[in-house]
Each structure stands twice: as C-alpha cells, then as structure tokens.
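Notes for the one structure printed next.
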Amino acid sequence: MVRFFDIFFSGLALIILSPLLVPVVIILKFTGEGEVFYIQQRVGKDGKMFGLLKFATMLKDAPNMGTGTVTVKDDPRVLPFGKFLRKTKINELPQLINILKGDMSIIGPRPQTQRCFLAFPNKSQEAIKQVKPGLSGIGSVVFRDEEEILDDPNIDRLKFYDEVIAPYKGELEEWYVKHQSLYTYFMLIFLTAWAVIKPDTKLHFKVFKDLPKPPKELEKKL
C-alpha cells in the first residue's frame, strides 16, 4: 500500500511542480559550474548503495573540501543559486525520481553517505537497513536545521556530528522503524509540510509523544 502512495504522490508532484523544476534546470545549466544534477552514493535498504539525485548546489569537488559530506551554515562551497535551492529544499526534489524508481520512499530514514552512516551506532545501522530511505522522515523533521546547529564556532563540527547528532538521529530512525504505519506515513508528510511553513515548530514532539528525548547538548537547539 505504501508503494502505491509513493508512486502516486511522487508522480503527481513531478507533474504539478514541472513549471518550477524546468526553470531551475535552465538556471543551473547556465550558472555556477553548469551542472544540473548531483548524484551522490547513499546507503539504501539492505545496506545497498544507490545514486541519490539532487539539484547541483555546491562546487563539483565539494566532498573533498572543508567538512566533506557534512554541510554547515554559510558553507563556502555552496554556489549562489544553490543557497536558495537549499534554503527552500527545492534541491531535494529530484529525489522524486528515486522514489519512482523504487530506491526510496516518500517517508523513511534520511539516506546517508557511507561516512555519515557509519557514524550511527551499530544498532541504529541495522534498523535503518530494514527499510527504504525517505525523502523526508522523523529524522529530517527534527533535524531540519542541522546546518544551523553545526554553525557554532565553539564546537568541533565533525566531532559534534559523530558524538551527539548521529547517535540521537539514529535513535529517531530506530523509533520510525518500530512505528511504521499508514498513520505515521501520512502524519510525517503533514509534519514535513508544516515544518516548511513554520520552521521553528515542535509539533512533532506533541504528535509523537514517545519520541526519544534529545541529549542535553541538543535540547535548546531542537
């Protein structure tokens, strides 16, 4: 049933959003480095790697520069138009094609690069591999401002990600795997849309009262 809704929603979204997507493709082709899509290998169901599609927003060699696959606020590797695409999350829309192909679902754990995936505790890794990754999900909603969280000159960004963010994000994804249902699916679609309208929302903690509690280092940031 979820696969039916994945195909229906992603196909419908591509049709409805085509007046937006076509101009974005044209702008990207003639600005920045002339790249339209960025394909990055991510960890999918059963631990298999797949090519995740995004609109190109960063310099071509970005994964080998600065903080690697971890992006921070005002990252100098992000191109001018890319800042707009990332802020509005439009850069994520090509993943609707990944959903049609069956690599992803509308809702699920956010697909990670190998480096970030291995930062999760083993228990979380095993849980995440049981399901398809998602365009959005509980981890995406809770950490919608992850770049802002990492924008702190007093922390070692990579160490903070590995020791604080990744373990908690792993707990959230474990929670999702245990609570999969059509209710959770549709509620997370709603919460994703609500977070776009109201970025400072904490509604998800009220809707899902049994969500894992954030560690002290994240309590005031989430």
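The values are calculated or read from the model by the stated rules, or taken from the named source; none is laboratory data. If you're wondering where the values come from, they're calculated on a predicted model, not measured in any experiment. Don't worry about glycine lacking a Cβ; one is built from the backbone with ideal geometry, like all the others, and counts go over all protein chains shown.
Remarks
- Checking each residue in segment 18-52 for being assigned to a loop (DSSP other than H, G, I, E, B) and either touching a Phe, Trp or Tyr at 6+ places or on another chain (Cβ under 9 Å) or more than 17 Å from ILE128 (Cα to Cα) (or both) picks out PHE30, THR31, GLY32, GLU33, GLY34, GLU35, VAL36, GLY44.
- When restricted to residues that are surrounded by 20 or more Cβ atoms within 10 Å (Cβ to Cβ), touching a strand residue (DSSP E or B) at 6+ places or on another chain (Cβ under 7 Å) and of a type in the set (S, T, N, Q), segment 99-155 contains 3.
- Test: residue in segment 170-186 that is farther than 23 Å from LYS123 by Cβ and without any contact (Cβ under 8 Å) to a residue 60 or more places away in the chain: yes
- Condition met for PHE120 (of a type in the set (A, V, I, L, M, F, W, C) and more than 21 Å from MET49 (Cα to Cα)): no
- Residue that is modelled with the lowest pLDDT, among those in segment 53-94 that are in a helix (DSSP H, G or I), closer than 17 Å to VAL141 by Cα and not charged (D, E, K, R): THR88
- Failed condition for PHE50, given (1) surrounded by 12 or more Cβ atoms within 10 Å (Cβ to Cβ); (2) over 18 Å from SER136 (Cβ atoms); (3) hydrophobic (A, V, I, L, M, F, W, C); (4) at pLDDT 95 or above: (2)
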